[in-house]
Structures are given as structure tokens and as C-alpha cells.
Ligand code: BV8
């Protein structure tokens, strides 16, 4: 892979790099994406289950879906794409990661400067007290799980129709305002408000790179489109970026 000169010229130790990832970065770890052919569970689509309405109507069904996903993710390992992004954080001091994924695989790969903007399915929140705690039971002992106070626990994630954590949103927007290189990996770029983030960065002059085996609504906007799998493309891209430092 050869990166274009106008990208190479932007790369130095201080370059402010932001990475945005979606479900595609975890595909090679065996975690199903949302809109791909493997996006169905029983006969449901994610958009039908990842909502407060579905949870209110049938908390047991929604928790069976999450228990199934937790089981797959518990057996999954970070793939070379996750590892390349973790190394990027070591190489570039002004690196930040915003992930839409709730699987926790970026932290397991070693990233620390991560905004899990849609939450994390290993965290459970009491629907009465709002307290959040970690829970790594696979499978869950009780479905749906309950708090000691007796109320239902829910996954500490952002469902469709729910607002994002204002603090996460504020931090993300501040990063997009100032980033010089934005790398968007493995997202179909349809879920708002994250799908609008690349447009904001572009307006502020960021160099946009997309890594995705398929074209997306973002593809016409980006400066460099790397058509391939994250686990194959990202290690090569990282080598090129490190080469530009020499
Ligand atoms: C909000 C957590 C304000 C849960 C997720 C009507 C009513 C209410 C809201 C709306 C509405 N219409 C629109 C909205 C807004 C809605 C939205 O955007 N809907 C979409 C469907 C149009 N957004 C929201 O509701 C957001 N909140 O707007 O608040 C508000 C408040 C009240 C009312 C209105 C507005 C909250 C959105 C967050 C939803 N939660 N996850 C959970 O996961 O359990 S979203 C879910 O989708 C995941 O987080 C996932 O990451 C995310 C995005 O999907 P992708 O990551 O892009 O995954 P996808 O499968 O789509 O694509 C995978 C890509 O990878 C593909 O492009 C594929 O080609 C690529 N790929 C495959 N293999 C590889 C690869 N790439 C690289 N390498 C590979 N090997």
C-alpha cells in the first residue's frame, strides 16, 4: 500500500488522529455485524431489539439477544485490525478512538483513549437506581437479570431512540473540531449522530480515510478509500503512517 503525498505530509508525531469504528472492525473476530447477512437473530433485526420499547415490551427476549451476543464476544479475540489501532495509540500521542461498538474489544486490544459512544454490553444499569456495574457472567445466571433492589437491570448501552451520553458527545465533537486525520473503519455510516461525525471533521479540514470492503454513503466524501478488510488493511496502513514519521 502506498499512502498519497498529501497524507504523508500531514503525518508527524504531533498529528491529531481520530479513529471512528463500527461493527465491521469486529467482524474478523467472529462478532456479527448489524446490517450484514449475519445481522439477524432468530427473526429479529437489531433495530427491533435495541430499543427501550422492545425492552419494556419483552425484557426477557431482549436479554436473550444480549446473552447470545455476550457469549459470542466472550469467545472472540481482538483481531489484527484492533491490534493495529491499539498500536496507533502508542505511536501517536494525540490519538483518540470513538467506537460505536459495545463489545469492549478495543479495550481488550489495549486502547485506553476510547470513547464507547454507544456504551458497553458488559456493563449493567439498574432501571430504578441508575447504578452501573460490570457483569461478565456467560451465560447470565438469571434472565432478565435483576438488581438487589428488585428492579430490572438493562445493558448500559444507547438504544435507538435514546440520546447519547452528553459528556461523550461533547468530547467527541471537540475531537472532531481539531482532528487533522480521521480514519473511519467498518461502519455503514447510517446510524446518527455518529454518521455525521466525518462530515463535521471534513468541514474543519481533516484528511478522511475510510476502511471498508464495501462502499458507504461516506465513500464519495473521503480523501482515501481503502477497500478491504480492517484486519488486513490496518496493519499495512499503520506501517505506512510509521514510515512517514521517519
Ligand atoms: C439519537 C448500541 C437523539 C446497542 C447502537 C426514529 C426514531 C428514533 C430515532 C431515530 C429515528 N430515525 C433515526 C433515528 C436516529 C437513530 C438512527 O440513526 N437510526 C438509523 C437506523 C437511521 N439514532 C438514534 O436513535 C441514536 N440516538 O439519535 O438520539 C434522538 C433521541 C430520541 C429520538 C430521536 C433522536 C442512538 C443510536 C445508537 C443505537 N445503538 N448500538 C447495541 O449495540 O446493542 S447502534 C448499532 O449500530 C451499533 O452500535 C453499531 O455499531 C451501529 C452502527 O452500525 P455499524 O457499526 O455501522 O454496523 P453495520 O452492521 O451497519 O455496518 C458494518 C460495516 O462494516 C459495513 O459497512 C460493512 O461493509 C463493514 N465491514 C464488514 N466486514 C468488515 C467491514 N469493515 C471492515 N473490515 C471488515 N472485515
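So how tilted is helix 80-91 from the main axis of the chain? Cα-based, degrees 0 to 90, rounded to 10.
Helix 80-91 sits at roughly 60 degrees to that axis.
Taking the DSSP beta bridges in the chain as the whole, what percent of them are antiparallel, to the nearest 5?
Counting DSSP beta bridges with both partners in the chain, the antiparallel share is about 30 percent.
Compute the helix-to-body angle for 230-243: its Cα long axis versus the longest principal axis of the chain, expressed 0 to 90° and rounded to tens.
Its long axis makes an angle of about 40 degrees.
Highest mean first, how do 170-176, 25-31 rank when packing is the count of other Cβ atoms within 10 Å averaged over residues? Could the numbers behind the result be given before it?
Values: 170-176: 16.6, 25-31: 22.3.
Highest mean packing first, the order is 25-31, 170-176.
Three principal axis extents, largest first, for the C-alpha atoms of the stretch 157-207, in Å?
31, 24, 15
Any idea what the relative contact order of the chain is, in percent, if you count C-alpha pairs under 8 Å spaced at least 6 apart? Mind dumping the intermediate values first?
On the way: 421 pairs, mean separation 62.1, N = 246.
Relative contact order, the chain: 25 percent.
Where the centroid of each part is defined by its Cα atoms, how far is the stretch 27-77 from the stretch 117-195 in Å?
Between the Cα centres of the stretch 27-77 and the stretch 117-195 lies a distance of 14 Å.
Sort 229-240, 100-111, 153-164, 134-145 for me by packing, meaning the mean count of neighbouring Cβ atoms within 10 Å per residue, highest on top.
In descending order of packing, they fall as 100-111, 229-240, 153-164, 134-145.
Placing one identical point scatterer on every Cα of the chain and ignoring solvent, what is log10 I(q)/I(0) from the Debye formula at q = 0.09, 0.15, 0.16, 0.17 Å⁻¹?
With no solvent term, the Cα-only Debye profile gives -0.39, -1.03, -1.16, -1.28.
Nearest 5 is fine: what % of DSSP beta bridges in the stretch 119-246 come out antiparallel, could you say? Please list the in-between numbers first.
Values: 9 of 17 bridges.
Taking every DSSP beta bridge with both residues in the stretch 119-246, the antiparallel ones total about 55 percent.
Scale the Cα Rg of the stretch 1-132 by the rule-of-thumb value 2.2 N^0.38 Å and send over the ratio, two decimals.
Compared with the compact-globule rule of thumb, the stretch 1-132 sits at 1.24.
Could you compute the FRET efficiency for residue 58 and residue 200, with r as their C-beta to C-beta distance and R0 at 51 Å, rounded to 0.05?
Once the sixth-power term is evaluated, E becomes 0.90.
Where in the stretch 208-225 is the amide nitrogen less than 17 Å from a point lying 7 Å along the Cα-to-Cβ axis of residue 9?
Counting only backbone N, you get 208, 223-224.
Within the stretch 4-143, what percent of beta bridges assigned by DSSP are antiparallel, to the nearest 5?
35
Arranged from highest to lowest average of other beta-carbon atoms within 10 Å per residue, in what order do the peptides 122-129, 70-77 appear? Each step should come with its number before you reach the end.
On the way: 122-129: 17.4, 70-77: 15.8.
Descending packing order for the listed peptides: 122-129, 70-77.
On C-alpha positions alone, give me the angle between the axis of helix 166-178 and the longest principal axis of the chain, in degrees, nearest 10.
Relative to the chain, helix 166-178 is tipped by roughly 10 degrees.
Which value in nm describes the separation of the simple spin-label points at residue 77 and residue 134, placed 7 Å from the Cα toward the beta carbon?
About 2.1 nm separates the two model spin labels.
Going by C-beta contacts inside 10 Å, put 69, 133 in order with the fewest on the left.
Neighbour counts put them in this order, fewest first: 133, 69.
As a test of the formula, what do you get for the chain when each DSSP H run with n ≥ 4 contributes -39,500 (n - 2.57) and the sum is divided by the residue count, at 222 nm and rounded to the nearest 500 deg cm²/dmol?
Result for the chain: -9500 deg cm²/dmol, rounded to the nearest 500.
Go ahead and run the numbers for FRET between residue 246 and residue 169, Cβ-Cβ distance against an R0 of 51 Å, rounding to 0.05.
Working: r = 37 Å, r/R0 = 0.73.
Here the calculated transfer efficiency is 0.85.
A short reminder: the numbers here are calculations on the coordinates, not readings from a lab. Treat the numbers as computed from the prediction; the structure is a model and nothing was measured. Ideal geometry is used to build each Cβ from the backbone, glycine not excepted, and the neighbour counts take in all protein chains shown.
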